[in-house]
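One structure is given below, encoded as structure tokens.
The values are calculated or read from the model by the stated rules, or taken from the named source; none is laboratory data. If you're wondering where the values come from, they're calculated on a predicted model, not measured in any experiment. Ideal geometry is used to build each Cβ from the backbone, glycine not excepted, and the neighbour counts take in all protein chains shown.
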Amino acid sequence: MTSGNRSDEPIAYEDDEARERLGAIADAFLAHDRPIHRRCEDSVVRAEFPIRRSRGYVPGAIPLPVSTSRTIVAAGAELKSTFCVARGAQAFISPHLGDLDSELAYRAFQTDLELYLAMLGARAEIVAHDLHPEYLATKWALEQDAELVGVQHHHAHAAACLAEHGETGPALALVFDGTGYGTDGTLWGGELLRCDLASFERLVHLDPVPLPGGEAAIREPWRVAASYLELAGRPVPFERWELVRHALKVNAPLSSGMGRLFDAVAALLGVRESVAYEGQAAIELEQLAGEVSANPYPWRFGAGAELVAAVHDDLAAGRSRAEIAAAFHETVAAAAAVACAEAASPRKVVLSGGSFQNLRLLGSTRSRLEDLGFAVLTHRLVPPNDGGISYGQAAVAATRLSIAPVPVAGRSSSTCG
């Protein structure tokens, strides 16, 4: 190996740093007298799209559909952190930096950004950022001596997919992920938007569900399953629920994330009650479903508790776990396609967000939409996960600047309509 790292941290590429950070993990280190000049993570590609866009792809430019006369730095999100520097009609996305929730990752963010700006002979004139006030990337942005453009998380996802296809909108956008800060202060993630590169309208979304214990519910999906089951009026089979449910009174932020719905079903089917890495429960639920044939449940997009109730009842009736997992996937895809049909226009649909790394969900949703006569855009150049957020932020900022060349400094509105 030429490098190594702890989960979600930037890679250690200097000998002394590697021994300090990885000494308790690695049995031995093989060093060389030729030092590594810069860190660059391995890239990861699944089927037709990158999951991690790094070595072999960066610092190559990606076109922007709207040119900018001023240098834009887009700070990205918290998980799977990247930044993006845009000038003219080109966007330069950083390599994968890890999760921006540690000093090491923050230092890598700053160091690599300085490198990119020096490489391009540019300085940040406009800084685009997520709306989440606790993201380190947002805090960094607010400290800069530059004009600010705030971009809602799921609008950035949709914009990234539009922009990589050279499109400016309008389009419908199904954006499914675990967590993103909404304009109402809750956690979004199961969204149907109508949008272009400048603005968006939230049309339909999953009903919000409390996350008992906050971030603990992301690490322990059984908590989300328990919350859904209680809302659905079904018995909760998890022993710790009576103790944990008290968190509903003090620490239970509302979430409409599709990732949390997948977590709940995974826990209910006995796939995974706790996770060791982000997305593990949903990944294993996809593996359980495999290519098993199943018809969707009769479910209208929105009420997640009703879908969890259907899963619970099928499981209690003795249906196989694999068939239930397959039916769940088909239900989400079918209901999302129907929601687009009810929205009616535009006749183009973007699929973005980390949940669309799930090939069964992606394939079924795309097929159903095409059968309804929609043109479907999916990712091929940037990741559908948060690694593509910075590119989407840059595209939104460039578009808004083209409409209002001298924006007011400070956080801008992301919502229209």
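Quick notes on this one:
- Residues of segment 347-366 include at least one that is outside any helix (DSSP H, G or I), touching a strand residue (DSSP E or B) at 6+ places or on another chain (Cβ under 9 Å) and surrounded by fewer than 17 Cβ atoms within 10 Å (Cβ to Cβ).
- Members of segment 106-135 found to be over 23 Å from P59 (Cα atoms) and among the aliphatic types (A, V, I, L, M), listed by number: L131
- Count of segment 55-92 residues which are among the basic types (K, R), surrounded by fewer than 21 Cβ atoms within 10 Å (Cβ to Cβ) and closer than 26 Å to D145 by Cβ: 1
- Only one of the listed residues (E323, E330, E278) is under 24 Å from A173 (Cβ atoms), in a helix (DSSP H, G or I) and out of contact with any Lys or Arg (no Cβ under 6 Å at 6 or more places or on another chain). That residue is E330.
- Criterion: in a strand (DSSP E or B), buried (at least 21 other Cβ atoms within 10 Å of the Cβ) and in the same structural domain as V73 (by TED's automatic domain parsing) - qualifying residue of G178, G150, G189: G150
- Segment 37-124 holds strands (runs of 3 or more DSSP E) entirely within its bounds, and those carrying 1 or more residues that are modelled with pLDDT of 90 or more, in contact with a Ser or Thr (Cβ under 6 Å, 6 or more places away or on another chain) and not assigned by TED's automatic domain parsing to the domain that holds E14 map to 61-74, 84-93.
- When residues of segment 113-128 are limited to those that are free of Cβ contacts under 8 Å to residues at least 60 places away in the same chain and under 23 Å from the mean Cα position of the chain (by Cα), the one surrounded by the fewest Cβ atoms within 10 Å (Cβ to Cβ): L113
- Here A156 fulfils each of the conditions (1) out of contact with any Cys (no Cβ under 7 Å at 6 or more places or on another chain); (2) buried (at least 20 other Cβ atoms within 10 Å of the Cβ); (3) assigned to a strand (DSSP E or B); (4) not aromatic (F, W, Y) apart from (3).
- As a summary of the residue check, A159 satisfies the conditions (1) in contact (Cβ under 8 Å) with a residue 40 or more places away in the chain; (2) over 19 Å from A282 (Cα atoms); (3) not assigned by TED's automatic domain parsing to the domain that holds R70 except for the one numbered (3).
- Count of residues meeting criterion [farther than 17 Å from A289 by Cβ and in contact with an Asp or Glu (Cβ under 8 Å, 6 or more places away or on another chain)] in segment 301-336: 4
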